[in-house]
Amino acid sequence: DVYEVQRCDAPARREAMKMITLCDAKTGKPLAPRERVKLLRPHVNEARTMLAVGRHANLVGLRACYVVGLDFVIFEDLVDCGLTLKRCARVLRGDDNNALASDFAAVVAVQMARGLAHVHGRGFTHWDVKPDNTLVELRDERGIGTVRITDFGLARARLDEAQIAELTTSSKATRTPPGDDDDDATAQRNTPSLVAKWYRGCSPAYASPETHAIERRTASLEDQLRGVLEAGDTADEWAWGVTVVEMLAGVRVRSRAEAAATVSSDVAVPPVPNQHPVALDAARATLDAALRCLDDEPSRRPRMRDVVQALSNVHAEDDDDAEDTSATVGADDDDDDHEDDDAETHQNLGVAFFRQLAGSREDFELGRGHLEAALRLATARDGPRSASRARALGSLGDLERDQGRYDRAEALYREALELLDDAADDDAGEVVGTMLNNLGLAVYHSGRTAEATALLERAIAILEAAYGAATTTQDDDDDDEKDSGGAAAAATETAFTRSSSPHPALRRALNDLACALADQGRFDEARPLVERNLAIGEAHLGPEHPTLARDLNNLAGILYHGGDYLKARPLFERAIEIDRQSLGADHPTLGIRFSNLGMMLQEQGLFDEALASHDRALRIFERAFGEVHPNVAIALELGAQILLFEHKLDEAAARARRGLDIRVATLGPTHERVAESHSTIGWIESTRGDFDAAAEAHAAAVRVCEPLEAGNPRKLAARAGFLVNEARRRRAAAAPETEYRDLASEALRLAESCRRSKFEIDAAKELLLRGSQSASS
């Protein structure tokens with residue numbers, strides 16, 4: 001939908017607002033990821049192109065874009081009383097003829113040429129120049145005003161020889177291995193997606209001969225790309241020529257000869273009465289330029305900048321007779337003092353690429369490029385210690401965190417928070433609270449859970465001060481459920497009791513704190529946070545709201561860690577169904593849900609169901625993120641653990657080692673999650689009877705966890721795994737029973753103290769049980 005809106009800030013200006021709704025028109029539910037991306041990507045790409053092309057008096061320029069809830073909103077230049085060129089001709093003539101008076105056609109033509117010259121000067125080809133993509137301002141008393149070219153959906157950056165060489169080389173390197181497919185067939189499959197970066201087709205009636213030939217170039221990728229290169233800007237020049245002839249004669253032509261025969265040399269279409277006159281010389285010059293643009297040989301067509309120069313010289317001779325010369329021939333530049341908006345536009349486009357699309361690594365890199373541009377522009381405009389610079393840093397931090405680069409994210413968040421401390425900003429509370437929460441998550445994923453907990457608690461306090469504490473219909477008389485286990489528990493419960501606001505940022509912060517506590521094994525403190533958050537959501541949003549899936553999933557996880565599988569499973573399944581309905585079956589969030597369900601099924605001994613659940617998560621993650629992502633590593637490791645239980649050791653080892661490689665590549669070799677991969681490999685080798693290889697893997701896990709705080713569950717689990725392997729080695733070597741029983745007892749103590757190491761607990765108990773049986777026999 002497109003609306004006319006009034007800009008509220010100074011100077012007042014009307015703009016066109018295009019709203020792309022990312023939900024189902026009938027149900028109001030969010031579109032499934034593939035449908036959302038399919039709908040959104042063309043608009044985001046077009047906005048990106050418009051931003052790169054820049055603003056000009058004869059182009060519909062981008063003013064701003066935002067992601068607002070389930071909508072993507074684009075603000076563009078508004079053409080007052082604007083009609084498409086085809087509609088304009090019919091309105092002025094009062095009939096169905098598409099021809100404009102020759103004087104008006106000349107005015108339109110030079111303004112179109114100015115706009116296209118600007119596009120070409122920025123290194124782009126429009127590829128879809130035609131009357132329907134040309135908007136004309138009609139003036140009651142003076143006729144035609146400003147003319148703007150619109151619709152940059154097919155516009156692409158210009159291709160060059162270096163890019164052709166790089167693309168053809170990389171395409172050959174990534175083809176299907178010999179024997180798997182035919183080279184020519186592979187080339188055919190690769191060609192469309194690669195060529196589409198520079199050419200996506202155009203309207204056939206306005207396409208140049210060389211553009212039509214692109215479709216027929218199927219010999220190789222290089223052949224098609226070279227066809228795009230040869231067409232390039234000359235395709236726009238041809239389309240401009242066809243459009244000009246159509247304005248003058250009212251018919252569409254397909255060649256220079258047809259054009260020359262259709263429009264006489266003296267341009268016989270009479271001027272419309274009572275409009276300002278433009279010399280017949282200008283109309284003749286316009287026709288001459290159009291005919292030269294219809295030359296079959298692209299190299300002989302004049303460039304748009306040369307057309308502008310020629311037509312501007314003719315128009316300049318008659319400007320003294322025109323009532324409004326700027327409206328008559330257009331201006332080279334858009335007189336605009338709102339280019340500061342580009343910083344926010346870059347930031348919003350960057351977020352759209354890595355959050356709303358996020359379909360490939362290229363989306364993340366495009367997002368990074370826009371966010372870095374936003375950072376540069378905000379710094380230049382507002383200074384190096386401004387709130388706008390802080391926001392840009394925070395968005396870059398979000399991108400790094402989404403990619404698992406937690407150390408980079410942490411540095412960006414801390415720099416942004418330092419700037420926000422100095423900035424006077426009406427929204428500082430909301431921004432600081434959200435950024436503190438994001439910093440807490442980065443620190444949490446870096447393994448410093450105690451520090452993360454403190455940051456998340458601070459974030460909740462700030463967000464609550466910013467949003468207030470809304471009332472809830474739920475019964476708050478639950479003082480008897482409070483945990484009295486220490487100051488930290490009291491602090492989180494106090495924050496929880498106050499936080500009844502349904503604001504999503506505050507609910508998200510409460511959820512993140514609960515997850516951090518649960519990850520430390522502090523389930524008694526985490527459970528009331530999740531239960532109250534769920535109650536607030538159900539009361540304010542309804543029982544099927546998409547955000548409730550998160551709370552249901554987390555509550556189910558706490559219950560199953562406490563051994564209450566019967567209550568946990570229906571909560572997991574309800575969360576999965578809500579996400580399936582609201583997000584679609586392939587959304588990465590579903591992968592997380594299936595991973596969690598699989599872990600519970602594994603603990604219940606339902607290995608077939610558990611492995612199927614983890615494999616489903618793996619497929620979802622690989623489709624969403626590619627083959628190298630932390631979530632892919634999680635699914636691989638969980639599947640490896642199940643295969644270990646089933647004694648399918650070769651399959652388990654292959655998954656575990658691939659998961660380790662991914663974690664080292666994405667998180668770094670010292671991340672605590674890497675310790676989990678080392679431990680899993682250690683268990684596999686120990687079960688295989690290769691105690692030396694197992695000891696090496698477990699020792700690596702212990703070294704990675706060494707910097708963690710003393711009671712960290714992963715640190716305790718890593719040490720317990722090392723001790724169990726040593727106990728197994730000694731038992732296998734027929735060492736005295738007391739030696740391996742002491743090691744197994746210490747491993748059991750460590751595993752039980754971290755409250756979630758069921759694997760280590762079971763292994764230690766097995767050793768102790770076998771020792772007891774040996775003694776009794």
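Packing-wise, with mean Cβ within 10 Å as the measure, how do 518-528, 630-640 rank, highest first?
Numbers: 518-528: 20.9, 630-640: 25.2.
Packing order, densest peptide first, comes out as 630-640, 518-528.
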If Lys648, Lys18, Lys567 are ordered by their accessible area, calculated over protein heavy atoms with a 1.4 Å probe, which sequence runs from highest to lowest?
Lys567, Lys648, Lys18
Computed accessible area, Tyr3, all protein chains, 1.4 angstrom probe, square angstrom:
100
State which entries of Lys26/Lys130; Lys26/Lys567; Lys38/Lys567; Lys648/Lys715 exceed 29 angstrom in Cα-Cα distance in the structure shown.
Lys26/Lys130; Lys26/Lys567; Lys38/Lys567
For Arg532, what accessible area in Å² do you get when you roll a 1.4 Å probe over the heavy atoms of the protein chains, rounding to the nearest 10?
10
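Write down the accessible area per residue of segment 507-633 in Å², having rolled a 1.4 Å probe over the full set of protein chains. Please report the intermediate quantities before stating the final value.
Details: 4530 Å² over 127 residues.
I get 36 Å² per residue for this part.
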Please sort 568-579, 534-545 by packing, taking for each peptide the average over its residues of neighbouring beta carbons within 10 angstrom, highest first.
568-579, 534-545
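On the protein heavy atoms, probe 1.4 angstrom, tell me the percent of accessible surface of segment 386-445 carried by carbon and sulfur.
Working: 830 of 2150 Å².
Here it works out to 39 percent.
The values are calculated or read from the model by the stated rules, or taken from the named source; none is laboratory data. This is a predicted model, so every value here is computed, not measured. A quick note on method: Cβ atoms are made from the backbone with ideal geometry, for glycine too, and the neighbour counts reach across all protein chains shown. Keep in mind that these areas ignore ligands, DNA and RNA; they rest on the heavy atoms of the full protein, side chains included. Shrake-Rupley method; radii C 1.70, N 1.55, O 1.52, S 1.80 Å.
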